[in-house]
Amino acid sequence: MFEAWGLLFNGIIAASDPTILTGVFFGAIVGLLIGALPGLGPSAGVAILLPIAVTFDGTAAIAALGAVYYGAQYGGAVTAILLGIPGDASAVMTVVDGYPLAKRGKAGQALSISIVASFIGGLIGLVLLTIFATTIARAALAFGPIEMTAVMIFALALVSVLGSTDWIKSFIALFLGVWIGMIGLDPILGMPRYTFGEVMLFEGIDFSILAVGIFGLAEMFASPIVSSADKSKMARFSFRDLMPNFRDIKQCLNPLFSGSVIGFFVGILPGIGAAASSMIAYAFAKRTSKNKEAYGTGTLEGVASPEAANNSASYGNMIPMFALGIPGSGTTAVLMGGLLMIGLQPGPLLFENQPEFVWTIFGSFYIGNLALVAITILMVPLLAACASLRPGYLYPIVIGVVIFGVYSISYSMFDVALTVLFGLVGYVLTRLNYPVVPLVLGVILGPLLERGIRRTLVSSDGDLSVFLHSPIAVVVLALTLSLLTVPRLIRHFNLTRAISDN
Amino acid sequence: MIILRYVDLAVSLLLVAFGIYIVTQGLAFGYSDRSGVGAGFFPIWIGGGIAALSAVNFLKVVRNNLHLGTIEISEVVRVVFTSAAMLGFIYLSHHVGMIASILVLMLAIGAIYGPRSKVFYLWLLPICGVTTLFLYLIFRVLLGALLI
C-alpha cells in the first residue's frame, strides 16, 4: 500500500509537466463550461473533445478528458444555485437547497460550500480510487480469459438492467452496439463482416465517431429549445462570499463525509452514475440530520451532500474502467475509447505494464481537483452567463468543433457522414427510451467479448462447459443469471399472490 | 405532433427485420469451422437477440397499449434540417473548401435553432466568423490538420 503512495507522489511530479498541466487546465475549463451548460452532459463533453484530445500527447489527452469529466461536476452546481437550472443531471439535487439559499441572498455562501464540497468529495474519491484501483487490479491479475469474459458479461448485464427501466430496450441497444463493434474484418479469420462493400469500413468504425454522434449530436438534437435564462432572476453574490468559510465547513462536516463515501461506492457500480449517487447521499444526509425540516428550504448541508457525492462518484466510476478494463458508464466508456485510441488497453495489466502512465494520470486528477477550486471561483460569472447562452449561438459552435474534430481523425468526410448517421440513430433511440449507454458499452466491449469467447471455444474445441471449469467464472455467471431472473421472478410471485389474495 | 407509440412499433418491426438480416449474413459467414467457431457464431446470436427482443417489445407495446408521449413535428424538422445541412457541408467543402463551408454551415445551424430576429442575426455573424477563425487556428495551424 505504501508503495502505491510513493508511486502516486512520483505521478504528481510527472503530471506537473507543462504539456500535461495544459491538458488538465484546458479539460477543467471545458468541463466547467459543459457542466454549466444545460443540455450538454459530461459524456457529450468528453465525446466532443475526444477527437481533439487524441491529437495531444497520450498522457495529456487522457488527463484532459478526465478533467472534462470531473470539471463538469463542479460546473453543474453554479447554474443550479444561481439560476435554479441544473447544468447536468448530477446537479439536480443541488437545486433543491442551493436555489432557495440564493433567493435568500446567500448565493455566495452556497457557491462557496458547493466548491468546498466538490473539492472534499473529489479528494476523498481520489484517495479511495488510489487504494481500491490498485487492490482490485492486483486481484484481477489472477483472472484469465474465461474469468474476464464472465466479468464482462456480468458488467454488460448490470448496465443494461440498472441503467434503464426497460430491460428489453436496454438489451436491444446493447446488442446493436455489439453488432456495430463487429463491423470490419473478422478479428480471427480476417474476413469482412457487415462492411457493405465499403473499403473504409474494413478497419471498423472509429469509436470517437460513434461517441460524438450518439452522445454529442443526439443529445443536442433531443434537447428542448428553451429560451435563454432570465438574467434578472440571477442571484447576486460577491467574490468575498466565495472564499471558503470554516464555520460553514464545520457545520457541513457530516454530509460532506457521508456524501463523499456514499458517492464513491455508488459510483463504482456500473449503470448507476453520479446523478443517482447525489440523490442517495442527499436522502442519507437528510435522514441522519438533526435538522431534517430545513432540507428543501435552503440549507448548506443540502448543497454539501450532493456536491460531495457527485464529485466522489466520478472517481468511483473510473475504478471498473482502470482496474478491470470494463467501463460502467457512458463517460468512462468514452474515456476508455480514448485510451484504446492512444494504444493502451485498460485493465489489470495496465498497472503492471504502464505504471508511469497510470500514476501520472492519477496525479493529474489530484492537481486538477485542486486547480478547479481556484478556476471555479474565477469563472463563476462566466459560468452563470453560459446558462443564458441561446442554443442558436451555442449549437453552431458545437457543430463546428464536432465536424473539424471528426474530420481530423483520418481526414475523411466519410467519417463526418457517419457521425451524422449516428447522431440520427442516437436521437431516435433517445426519443423512444432506448438507453444509449449499453449501446456504447457494446461497441467497446463487444469485440473484446467476442474475441474472448471465440478464443476460449477454439482452445476447448467448441466445448461451452469450459466456462464452468473456473469457480470464479461460475460465481460471476451465476450472479449474472440471478440478476436477470430474480427481480422478474419476485415481481411475478408478488403479482400472483396479489391476484390470489383478491 | 407525432405519436411515439407508432414510431416505436415501426422501429421494432425494422429491428426484427434487421436482426434477421444479421442472422442470415452470419449463416453465410459460417457458424462453425474446423477450429470450432466461425465468423458467423457471434452475429447469429446477436442478430437473433435483436430480432427476438424487438418482437417482444412490439408485442409489449401492442398488448399493453403503452403511451410513450409525442414529439413536435417542428423538432423532427429541426433534426432533419440540421442533418441535411451537415451533409450539405460535406458536398460544399469539396467545391469551396472547409473553411468557407463551415461558416455557411454554422450560420445555417444558427438560423435553424435561433429566433427570427435582426438582433440575433447581427450577433450570429460575428460569433460564427470568430469560431471559424478559431477552428482554422486550432486545427490547421496548431494541430496541422490537412483541411480541404
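Coordinate-derived values only; no laboratory data. Just so it is clear, the model here is predicted, and its values are computed rather than measured. As a convention, Cβ positions derive from the backbone with ideal geometry for all residues, glycine included, and neighbour counts pool all protein chains shown.
Convex hull over the alpha-carbon atoms of segment A:331-471: what's its volume per residue in Å³?
Cα convex hull per residue, to the nearest whole number: 223 Å³.
Can you tell me how segment A:328-392 classifies by the Cα gyration tensor, rounded, prolate or oblate, using a/c under 1.5 as the rounded cut?
It comes out oblate by the Cα gyration axes.
With θ set to phi - 60° and the Karplus curve 6.51 cos²θ - 1.76 cosθ + 1.60, what are the ³J(HN,Hα) couplings of segment A:143-149 in order, to the nearest whole Hz, using x for Gly and Pro?
Result, ordered by residue: 7, x, x, 5, 5, 5, 5 Hz.
Segment B:1-61 to segment A:267-297: how many Å between their Cα centroids?
40 Å
Report the one residue of A:VAL428, A:VAL474, A:PRO327 whose Cα lies farthest in the direction of the positive end of the charge dipole of chain A (charges on C-beta: Lys and Arg +1, Asp and Glu -1; origin at the Cα centre).
Among A:VAL428, A:VAL474, A:PRO327, the one farthest towards the positive end of the dipole of chain A is A:VAL428.
Within segment A:96-199, report the chymotrypsin sites (Phe, Trp or Tyr not before Pro) that DSSP leaves as loop and that have at most 14 other Cβ atoms within 10 Å.
Those that pass, being in a loop and sparsely packed, are A:PHE196.
What number in nm² do you get for segment A:231-324 if you take the convex hull of its Cα atoms and divide its surface by four?
7.9 nm²
Grab the eigenvalues of the alpha-carbon gyration tensor for segment B:73-142, scale each by 5, take roots, and send me the semi-axes largest first in whole angstrom.
Semi-axes from the Cα gyration tensor: 22, 17, 9 Å.
Counting each DSSP H run of 4 or more residues in the protein assembly as shown as -39500 (n - 2.57), what helix-only mean residue ellipticity at 222 nm follows after dividing by all residues, to the nearest 500 deg cm²/dmol?
-24500 deg cm²/dmol
Can you pull out the trypsin sites (Lys or Arg not before Pro) in segment A:403-497 that DSSP calls coil and that have at most 11 other Cβ atoms within 10 Å?
Sites meeting the loop and neighbour criteria: none at all.
Take the Cα gyration tensor of the protein assembly as shown, multiply each eigenvalue by 5, square-root it, and list the three semi-axes largest first, rounded to whole angstrom.
37, 31, 27
Name the shape class, rounded, prolate or oblate, that the alpha-carbon gyration tensor gives for chain B, where a ≥ b ≥ c are the square roots of its eigenvalues, rounded holds for a/c under 1.5, and otherwise prolate holds if a/b is larger than b/c and oblate otherwise.
It comes out oblate by the Cα gyration axes.
Which is farthest toward the positive dipole end of chain A among A:ALA384, A:LEU201, A:ASN317, measuring Cα position about the Cα centre, with Cβ charges +1 (Lys, Arg) and -1 (Asp, Glu)?
A:ALA384
Output wanted: per-residue J couplings in Hz (rounded whole) for segment A:246-257, from phi through Karplus 6.51 cos²θ - 1.76 cosθ + 1.60, θ = phi - 60°, x for Gly and Pro.
Those phi angles translate into 5, 5, 5, 5, 4, 5, 9, 4, 4, x, 5, 6 Hz.
Taking Cα atoms of segment A:287-401, Rg/Rh with Kirkwood Rh, to two decimals?
Radius of gyration over Kirkwood radius for segment A:287-401 works out to 1.07.
Based on the alpha carbon coordinates of segment B:2-71, what radius of gyration and maximum Cα-Cα distance (Dmax) apply, in Å?
Final numbers for Rg and Dmax: 15.6, 52 Å.
Net charge near A:VAL466, counting Lys/Arg +1 and Asp/Glu -1 over other residues with Cβ under 13 Å of its Cβ?
Residues close to A:VAL466 contribute a combined charge of -1.
Just rank A:TYR366, A:TYR282, B:TYR6, A:TYR427, fewest to most, by other beta-carbon atoms within 10 angstrom.
Ascending number of Cβ neighbours within 10 Å: B:TYR6, A:TYR366, A:TYR427, A:TYR282.
Averaged across orientations, what area in nm² does the convex hull of the alpha carbons in segment A:132-202 project?
7.1 nm²
Tell me, how many Å apart are the Cα centres for segment A:391-450 and for segment A:315-336?
19 Å
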